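There's a structure below that I have some questions on.
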Amino acid sequence: MVESARDHSAAESLPPGRWLHRWSIVIVGLVWPLIWVGGQVTTYDAGMAVPDWPGTYGYNLLLYPYQTWLLGPFDLFIEHGHRLLGALVGLVSIVAVGFAFFSEPRRWVRWLSVLVLLAVIGQGLLGGARVVLADRTLAMLHGCTAEIFFSLCVGLMVVTSRWWWERDGSEPESSGRRDFRPGAGLMTVSLAVCGLAYLQVVLGAQLRHVQPTAAPGGFTHLVMTHISTAFVILALAAWLAWRLSRAAGQNGERSAGCGDLTLSRPASLLLIFVLWQILLGSVTWVARYGIPWWAQVGPRSASYLVKSQAFAESLMITGHVATGALVLVTSVFLMLRLWRVRFAANQAIERAGSAAVVL
Amino acid sequence: MIPFRAFRLAGASARSVRLVGILAILGIVGCDAATDRFAANELHGRVVSFRESTGVAAAVEDSAAVVGELFGNPDVPLLPESFPDGLIDLENLQRAAGPVSSDREDVHFGIYRAHCVVCHGLEGGGAGPAAALQNPYPRDFRAGIFKFKSSPRGEKPLRADLTDLLVRGAPGTSMPSFARLPEEDIEAVVDYVIYLSIRGETERRLQRFAVAELGYGDERPDSTADRLLTDGEGHFQSAEIGSAVSQIITDVASAWIDARPVEVPAPPVYSAEAELDAAIERGRQRFHGPVANCASCHGKDGNADAVTLDYDDWTKEQTTRLGLTPSDADQIAPLRRAGALRPRAIQPRRLAWGVYRGTADPESLYRRLVVGIDGTPMPGLLVQEATGATGVTSTEVWELVAFLLSLDGRKDLLLTPSSRQEG
């Protein structure tokens, strides 16, 4: 898998497929807003603001009159906007596949770019089926698979980066810290955070797309699981940040609490995102259902009024969805980098024939 | 050697398995819960069963079927033939019902499902998915009891009361303000809420009627003439039963049409602050006095420091009025299984905070004092010509209002504009 990569990285100062990397950054930069807009569609329950698909009110998606779109009803604005942005991501993904097959030497990465394209097509079809069948369950599924697609895009971005090429284990120093090899515990925790972050996405999607006939007991159970899992993720993310900040830096010395910045920074960012996400989750509950009775400790909290369709509140609610996506992809980003460092360390050990210290 | 035909069969079998697999996945993830019928009110059936000491399975089933024929379903609601004109706009009703969508003209459909169903439930039973996490619980419209209204205790709210509540919301609860919704959407929701309430109350009455008058139990009466039986188009096989059902619907609907507001006498306007302060002091004494005795629940000076243990009427109907202890999980288990939420004691308002869930203008406070709050232990005061041992005069009610307004710094509302400026 990495043989050809090694050859190239040794020979060139810039890694091959750098345009694929740049293009994958563009995709990531577009998919996050796409998740925002999709989240707003759900927050405003505007998924059926356009009754047909793939067209919009009989028009070709791209030819729908922009005046009617921009100046028409808000629900139509966000739903059609979501479709347009989705189409743009699709087009960018096609170009990415072109770059991959033109310049990317690793076959599996080329196929990863194809997978990203297939995923965005699948997302579009799922979104279309949600409209054509007027099915909220498919809307929920569409929300869940969106985050898998986002993770794939981030994965493509990570494996095409210069950092990834440099950590190929071909030379001892290329493994980062020579004596740092992420152990099974670290790998397990990073993988667990990815899994739990995705579980949160699924639970959140079920809460947002709850069926009108759902039993109160089931909903309550979902909420409790969502909250409990958030704190488990917080604990794991805090442990990851602490552990990676203690790992020694690039030159082998134990640095002043920063560790290998290429790992400790995403770990710290993950922790910040998780904390922010918990705060946004609380705000989301308050915006939807008001301040819980047990927290009404004074006239101000007791007089809090929930406002339906309030724009600021809707942004906070959707922000919870978008930050959830950031938690997931940051955990994927970190897991992939840890995996790469471990792989490179293993390679380096093999070549040097020396034992590494297992953290 | 495996014959070619066997390969073909194996291939066909594999395709069938794949097809079944895909259908199964679609069946699991691609199908919304059915919303083409309202669920039967099992909970009230259980209450009737407790009261009458009899099984009610057949009564619950047949009542739901009849109500389904007469009132339609959550996707396509209908109004029975005997339904009085002018109370509910059918077009509004059908726009508020069904799945959520909107069109290019920004006309919204399925408004109830978009904004209300998560708390109030598809049937308006107050047990929507998010209900168990709220305190107070969302309103069960099917009992036909509403808290914040301008009509006398025991009567239906005015249409304007529901509109006002939707626009204003209920501070401190999960009931939002829908002020940002277009007026016509709010009116459509009001129509739908009235519909759910009348439909639900009709079903409850039919259950009782079936058990008490027709001899329903777990089984149906032997004679088909005694059954809630229709031809599938809302026409009863027994004209007598048909007439009785029509009468039930008319009674329930007429109560909404006949609702009138409680008249409130003009408030005294105080021209001097000292005069108002004296009235507030008299109100305060009355608040703690034996006739109004507000402090017994709301605590000294409205600080909610009194020890109380009481329940709202929706909870009482399912517990204490059946001789069941709300805190006894075993006793109420059958009702929980039928859909009842865990009983919660009702807490009197901490009036000193000045936070009211209903409207809080002087006129509304006066009305609440003399009417009480439906569905809660908050009683109304008896207003009489002269002060007595059992009632108060309207002036004394206004003094109570003045005291309440003074708790949250709004006493100026009862001053003349000139005195207010002087102040």
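Please state the charge dipole magnitude for region A:1-166, taken about the Cα centre, from unit charges on C-beta atoms (+1 on K and R, -1 on D and E), reported in debye and rounded to the nearest 20. Kindly include the intermediate steps, with their values, before the conclusion.
Values: 10 positive and 11 negative charges, 64 e Å.
Taking the Cα centre of region A:1-166 as origin, the dipole is about 300 debye.
Still on this structure: Once phi is turned into θ = phi - 60°, what whole-Hz ³J(HN,Hα) does the Karplus curve with 6.51, -1.76 and 1.60 give for every residue of region B:231-238, x standing for Gly and Pro?
Whole-Hz 3J(HN,Hα) from phi for region B:231-238: 8, x, 10, x, 9, 7, 6, 9.
If ligands, DNA and RNA are left out, what is the accessible area of A:W165 with a 1.4 Å probe, given in Å² to the nearest 10?
About 10 Å², rounded to the nearest 10.
Here's something else I'd like to know. A:L315 to B:T387: FRET efficiency via 1/(1 + (r/R0)^6), r the Cβ-Cβ distance, R0 60 Å, to the nearest 0.05? Present the calculation step by step, with values, prior to reporting the outcome.
On the way: r = 56 Å, r/R0 = 0.94.
FRET efficiency, A:L315 to B:T387: 0.60.
Using a 1.4 angstrom probe with every protein chain in place, what is the largest-first accessible-area order of B:K147, B:K300, A:K307?
Values: B:K147 35, B:K300 125, A:K307 80 Å².
I get B:K300, A:K307, B:K147, largest accessible area first.
Continuing with the same structure: Out of A:F101, A:T68, A:C144, whose Cα points farthest toward the positive end of the dipole of region A:1-166 (charges: +1 Lys, Arg; -1 Asp, Glu; placed on Cβ)?
A:F101
Also, I was wondering about something else. Using Cα centres only, tell me the gap between region B:209-261 and region B:24-100 in whole Å.
Cα centres, region B:209-261 to region B:24-100: 16 Å.
Rounded to whole Å and sorted largest first, what semi-axes of the equivalent ellipsoid does the C-alpha gyration tensor of chain A yield via the square root of 5 times each eigenvalue?
On the way: eigenvalues 308, 160, 45 Å².
Those come to 39, 28, 15 Å.
Rounded to the nearest 0.05, what FRET efficiency is calculated for B:R104 and A:W276 with R0 set to 45 Å and r the Cβ-Cβ distance? It would help to have the intermediate numbers written out before the result.
Details: r = 38 Å, r/R0 = 0.83.
Efficiency, from the Cβ-Cβ distance: 0.75.
Given the rule -39500 (n - 2.57) for each run of at least 4 DSSP H residues, summed and divided by the residues of chain A, what is its mean residue ellipticity at 222 nm, to the nearest 500 deg cm²/dmol? List each step's numbers first, then the result.
On the way: 12 runs with 257 residues, N = 359.
Rounded to the nearest 500, the figure is -25000 deg cm²/dmol.
Taking the Cα centre as origin and putting +1 on Lys and Arg beta-carbons and -1 on Asp and Glu beta-carbons, what dipole magnitude results for chain B, to the nearest 20 debye? Let's see the in-between values first.
Working: 44 positive and 59 negative charges, 356 e Å.
The calculated dipole for chain B is roughly 1720 debye.
Shifting gears a bit: For every helix of n ≥ 4 consecutive DSSP H residues, a contribution of -39,500 (n - 2.57) applies; sum these over chain B, divide by its total residues, and give [θ] at 222 nm rounded to the nearest 500 deg cm²/dmol. The partial results should precede the final answer.
On the way: 16 runs with 192 residues, N = 423.
When only DSSP H runs of four or more count, the value is -14000 deg cm²/dmol.
Given springs between every Cα pair under 10 Å in a Gaussian network model of chain B, which of B:R46, B:R139, B:R350 has the largest fluctuation?
With Cα springs under 10 Å in chain B, the top fluctuation among B:R46, B:R139, B:R350 is at B:R350.
Once the Cα gyration tensor of the protein assembly as shown is found, what semi-axes does its equivalent ellipsoid get, as square roots of 5 times the eigenvalues, in whole Å, sorted largest first? All intermediate terms of the calculation are to be shown ahead of the outcome.
Working: eigenvalues 687, 252, 124 Å².
One finds semi-axes of 59, 35, 25 Å for the protein assembly as shown.
Oh, and also: Tell me, what ³J(HN,Hα) does each residue in region B:160-174 have, in order and in whole Hz, if you take phi through Karplus 6.51 cos²θ - 1.76 cosθ + 1.60 with θ = phi - 60° and put x for Gly and Pro?
In residue order, the calculated couplings are 5, 5, 5, 4, 4, 5, 5, 6, 7, x, 10, x, x, 10, 8 Hz.
Where does the charge balance sit around A:W293 when Lys and Arg score +1, Asp and Glu -1, over other residues with C-beta under 13 Å from its C-beta? Write out the running numbers ahead of the final one.
On the way: positive: B:R344, B:R349, B:R350, B:R357; negative: none.
Taking every Cβ under 13 Å from that of A:W293, the sum is +4.
Using a basic spin-label model with each label point 7 Å from the Cα along Cα→Cβ, how many nm lie between B:S327 and A:W339?
5.5 nm
For the pair A:W163/A:I94, report the inter-label distance in nm, with labels modelled 7 Å from Cα in the Cβ direction.
3.2 nm
For region B:177-238, report the % of Cα-Cα distances exceeding 17 Å. Spell out each step's value before the answer.
Values: 1120 of 1891 pairs.
Value for region B:177-238 (Cα pairs over 17 Å): 59 percent.
Here's a follow-up. List the equivalent ellipsoid semi-axes of chain B in whole Å, largest first, each obtained as the square root of 5λ for an eigenvalue λ of the Cα gyration tensor.
Working: eigenvalues 476, 139, 100 Å².
In descending order the semi-axes read 49, 26, 22 Å.
Report the antiparallel proportion of the DSSP beta bridges in the protein assembly as shown as a percent, rounded to a multiple of 5. Show your work: numbers first, answer last.
Working: 5 of 10 bridges.
Expressed as a percentage, antiparallel bridges in the protein assembly as shown total about 50.
Considering all alpha-carbon pairs of region B:42-257, what whole percent are spaced by more than 32 angstrom?
Values: 4520 of 23220 pairs.
Pairs farther apart than 32 Å: 19 percent.
May I pose another question? Taking R0 as 60 Å, what FRET efficiency do you get between B:S243 and A:W294 from their Cβ-Cβ distance, rounded to the nearest 0.05?
Numbers: r = 52 Å, r/R0 = 0.86.
My answer for the efficiency is 0.70.
Principal axes first, then extents: for the Cα atoms of region A:178-238, list largest minus smallest coordinate on each axis, whole Å, largest first.
58, 16, 13
Which net charge results when you count Lys and Arg as +1 and Asp and Glu as -1 among the other residues whose beta-carbon is under 15 Å from that of B:D361? Let's see the in-between values first.
Working: positive: B:K149, B:R168, B:R357, B:R367, B:R368, B:R410, B:K411; negative: B:D161, B:D164, B:E363, B:D408, B:D412.
So the environment of B:D361 carries a net charge of +2.
The values are calculated or read from the model by the stated rules, or taken from the named source; none is laboratory data. Everything numeric here is computed off the predicted structure, so don't read it as measured data. FYI the Cβ positions are ideal-geometry reconstructions off the backbone, even for glycines, and counts take in every protein chain you see. In case anyone asks, the SASA skips ligands and DNA or RNA and just uses the protein heavy atoms, side chains included. Shrake-Rupley method; radii C 1.70, N 1.55, O 1.52, S 1.80 Å.
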